[in-house]
Amino acid sequence: MNKIELRGNVGSVRVQNVGQTHVARISLATNYVYKNREGDPVIETTWHNITAWDGKNIADLESIQRGDKMFVSGRLRSQRFI
């Protein structure tokens, strides 16, 4: 099973038309908070690139804005660029 769930804040949104449908390319920031050896809190931010197609349980791609909180559920796909 290939399923991932992410919760975070939207960094940037770019909506494009591909044929008859809309595609949104979204950067999402997730944070992991832990304490180091001295007891100080450390925030580790990871950025994820998300591609969302219109009509996949998304109400309106145009309404997504920077800073919005977002929950994403889908499959993980990685690409290797040489």
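May I ask you to evaluate 6.51 cos²θ - 1.76 cosθ + 1.60, the Karplus curve with θ = phi - 60°, for each residue of segment 5-20 and list the ³J(HN,Hα) values in order in whole Hz, giving x for glycine and proline?
10, 10, 10, x, 10, 6, x, 9, 9, 10, 9, 10, 9, 10, x, 9
With a probe of 1.4 Å, find how much accessible area the chain has per residue, and write the answer as a whole number in Å².
So the chain comes to 87 Å² accessible per residue, rounded to a whole number.
Give me the percent of accessible area attributable to carbon and sulfur for the chain, probe 1.4 angstrom.
47
Given Cα pairs under 8 Å that are at least 6 residues apart, what percent is the relative contact order of the chain?
The value is 39 percent.
What FRET efficiency would be calculated for the residue pair Thr45, Asn17, taking the C-beta separation as r and a Förster radius of 41 Å, to the nearest 0.05?
0.85
The values are calculated or read from the model by the stated rules, or taken from the named source; none is laboratory data. As the structure is a prediction and not an experimental result, all values here were calculated from the model. In this analysis, Cβ positions are derived from the backbone assuming ideal geometry, glycine residues included, and neighbour counts consider all displayed protein chains. All accessible areas refer to the heavy atoms of the entire protein, side chains included, with ligands and DNA or RNA removed. Shrake-Rupley method; radii C 1.70, N 1.55, O 1.52, S 1.80 Å.
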